[in-house]
Each structure stands twice: as structure tokens, then as C-alpha cells.
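Read-outs: derived from the displayed coordinates by stated rules, not from any lab. In this text, all values refer to a predicted model and were calculated from it rather than measured experimentally. Cβ sites come from the backbone with ideal geometry, for glycine too, and all protein chains shown count toward neighbours.
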Amino acid sequence: DVKVTQSSRYLVKRTGEKVFLECVQDMDHENMFWYRQDPGLGLRLIYFSYDVKMKEKGDIPEGYSVSREKKERFSLILESASTNQTSMYLCASSFSGVRGTGTGELFFGEGSRLTVL
Amino acid sequence: GDSVTQMEGPVTLSEEAFLTINCTYTATGYPSLFWYVQYPGEGLQLLLKATKADDKGSNKGFEATYRKETTSFHLEKGSVQVSDSAVYFCALSEDDMRFGAGTRLTVKP
């Protein structure tokens, strides 16, 4: 089975702290994604990567950055956490395709719930 | 741009009731359409998909038909169970993956 593992299920941070969210997939997928999930808004794409060291902005990249140094690992970084970044963060991966989609399927991790105080 | 609109919840049904969750989309080309499900405390997982017009996706008793003429992909199940309680997301994939807002379903015994 495809497994996407997110390093932390629950985090509590203070305003201004630097936050790292880690995601690892074990199926050799080319594409990896970071979404945030908020009630009533569904999933919104923050960043995605279709290859090592490659990244592209999604719909809401402001306040976030990403790193993909190895194929299996995709990190989301909040340089200076703010209260409006309190959310559920979901990592996903998929096989290659145009931005990993078309007829493709996304495989999701269990999510990381971040609270910024 | 591409977008997905699905019926707002929450939806509460009794066990064995019929379920419909409406989903319509806007796209410039010929997208693939998906339903994902999120059980409590878990990430999203694919429930079913359809890649072209008139295709029917099905899984675990759920069905959805890709209707290009009405730009719809409504999710249906003839008899829901308590274990179907979850949040359901309609999604569209063309240049990227777009999700609807999600519909929370609660099934009561």
C-alpha cells in the first residue's frame, strides 16, 4: 500500500516561531503537494513539487515555503507563524502527469493539525 | 478557472436511507472527476473516479456518473450505513486538482 507519512499529527506553536512540517512517501511518486484544509473552504493548494528541487506555487503560497531535497520528502515551512495559519495541513503525492493530475489519484497523509497561539 | 461546487452540509440520514450529494463543476476542457472521502481522524482517500463523459465510477456501494451536459458528478448510495459517516469531497482534475468545500455526512442508527 502507498503510504504518505506526516511527521506530526498535532502541533502547538507561538506567533513568530518557525515551523517545519515534514512529509515522506514510500511509493517513488514524482509529485508531492501541500494543502491546507479549513471548514467551509475545502482543500486549498499551498505548494506542489513535480521533481526534486522543483516547486510551484499553488493558490495560497503567501507565508509558506517548501523544500524538496529528496524525492521521497517534501517539507512545508512557516517562516514566522501567525494565528491565521492555524489549520489542518495535508500532504499528498501522486505519479507523474501534468502537475500530477489528469487521470491520476492523489494519496494523502493523515494530516497535521497546527495551532498557532 | 476550474472550480467545483458541492452541496453544503451537514447531511444527517438514518441508516438504510438513500444518499445524494450534489456536485457541479466548471472547466475549460475535459477534466477527470473524483470523489474523495475523509473518515474521522484520517486523511482523504479516493472513493471513486470517472475520466470521461458518461463514465460511471463506483466503489463500496457508492456511484457517480460523469454528466457533461449538466456538468455534474453527483454521488449516490442506495442504503447508507453508520460506517459511511465521513466528509465527502468532490474534485476535478485538469491542469491541477481542485476540491469542493466538502460535505459532512452523519448516519444515525
*asked:* Taking 35 Å as R0, compute the FRET efficiency from the Cβ-Cβ separation of A:Ile77 and B:Asn59 and round it to 0.05.
replied: 0.45
*Kindly write out, for the stretch A:68-76 in residue order, the coupling ³J(HN,Hα) from the Karplus curve 6.51 cos²θ - 1.76 cosθ + 1.60 (θ = phi - 60°), rounded to whole Hz, with x marking Gly and Pro.*
9, 8, 10, 4, 7, 10, 9, 10, 10
*Mean projection of the alpha-carbon convex hull of chain B over all orientations, in nm²?*
6.3 nm²
*Can you give the Rg to Rh ratio of the stretch B:23-75, both from alpha-carbon atoms, with Rh computed by the Kirkwood formula?*
1.00
*Over 28 Å between Cα atoms, which of B:Lys60/B:Lys108; A:Lys71/B:Lys68; A:Lys13/A:Lys55; A:Lys3/A:Lys70 qualify?*
A:Lys71/B:Lys68
*On each of the three principal axes of the Cα atoms of chain A, give max minus min coordinate, whole Å, ordered largest first.*
38, 31, 26
*Using only Cα positions of the stretch B:1-40, each an equal point scatterer, no hydration layer, compute I(q)/I(0) via Debye at q = 0.15, 0.28 Å⁻¹ and quote the log10 values to two decimals.*
-0.52, -1.16
*Tell me the label-point distance for the pair A:Thr86, B:Thr71, using the 7 Å Cα-to-Cβ offset, in nm and rounded to one decimal.*
3.6 nm
*Let me know the Kirkwood hydrodynamic radius for the stretch A:39-81, please, with Cα pairs as the basis and the value in Å to one decimal.*
11.2 Å
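According to the Cα gyration tensor, what semi-axes, each the square root of 5 times an eigenvalue, does the equivalent ellipsoid of the protein assembly as shown have, listed from largest to smallest in whole Å? Can you show the working numbers first?
Details: eigenvalues 172, 86, 47 Å².
In descending order the semi-axes read 29, 21, 15 Å.
At 0.36 nm per residue, minus the direct Cα-Cα distance, what do B:Glu15 and B:Thr106 gain on full extension? Give it in nm, one decimal, please.
Numbers: separation 91, 0.36 × 91 = 32.76 nm, distance 0.96 nm.
Extra length from B:Glu15 to B:Thr106 when fully extended: 31.8 nm.
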_Karplus (6.51, -1.76, 1.60) ³J(HN,Hα), θ = phi - 60°, over the stretch A:41-56, in Hz, Gly and Pro reported as x_ = 10, x, 9, 10, 7, 8, 8, 9, 9, 10, 5, 4, 6, 9, 8, 9
